[in-house]
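Data first, discussion second: the structure below is written as structure tokens.
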Amino acid sequence: MQFHVENMTCGSCVKHITQAIATVDPNARLEADTVSRTISVTTVADADAIQKALADDGYTARPI
């Protein structure tokens with residue numbers, strides 16, 4: 001699944017996002033592009049759980 005994360009601007013953001021997603025699915029794989037502010041997540045978790053984990057960490061994500 002893919003998300004647009006408007007306030008993801010740097011490598012530190014990617015680190016925090018990765019950690020937030022790991023709270024939902026420790027085995028999730030993440031690919032991030034800070035230029036387009038998108039992430040691709042391979043996970044067994046559903047999109048709502050991912051969005052909630054990101055929101056809890058201060059990142060607004062919308063599916064694309």
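Per-residue ellipticity at 222 nm computed for the chain from its helices equals -11500 deg cm²/dmol, with DSSP H segments shorter than 4 residues left out and the rest contributing -39,500 (n - 2.57).
Once you charge only the Cβ atoms, +1 for Lys and Arg and -1 for Asp and Glu, what is the size of the charge dipole of the chain about its Cα centre, to the nearest 20 debye?
Numbers: 5 positive and 8 negative charges, 24 e Å.
The calculated dipole for the chain is roughly 120 debye.
When its C-alpha radius of gyration is set against 2.2 N^0.38 Å (N residues), the chain gives a value of 0.93. In segment 40-64, which residues have a backbone nitrogen under 18 Å from the label point lying 7 Å from S12's Cα in the Cα-to-Cβ direction? Correct set: 57-60.
Please give the helix 47-56 orientation as an angle from the longest Cα principal axis of the chain, in degrees from 0 to 90, rounded to the nearest 10. On a 0 to 90 degree scale, this one is about 60. A 1.4 Å probe, protein heavy atoms only, puts the accessible area of I17 near 0 Å². Counted by Cβ distance under 14 Å from Y59, the other residues give a net charge of +1, where Lys and Arg count +1 and Asp and Glu count -1. All other residues whose Cβ lies under 13 angstrom from that of M1 are scored, Lys and Arg at +1 and Asp and Glu at -1, for a net of -2.
For T34, the shell of other residues with beta-carbons less than 15 Å away shows a net charge of -1, using +1 for Lys and Arg and -1 for Asp and Glu.
The values are calculated or read from the model by the stated rules, or taken from the named source; none is laboratory data. Computed from a predicted model, the values in this text were never measured in an experiment. Positions of Cβ are backbone-derived with ideal geometry, glycine not excepted, and every protein chain shown enters the neighbour counts. Just the protein is used for accessible areas: all its heavy atoms, side chains included, with ligands, DNA and RNA removed. Shrake-Rupley method; radii C 1.70, N 1.55, O 1.52, S 1.80 Å.
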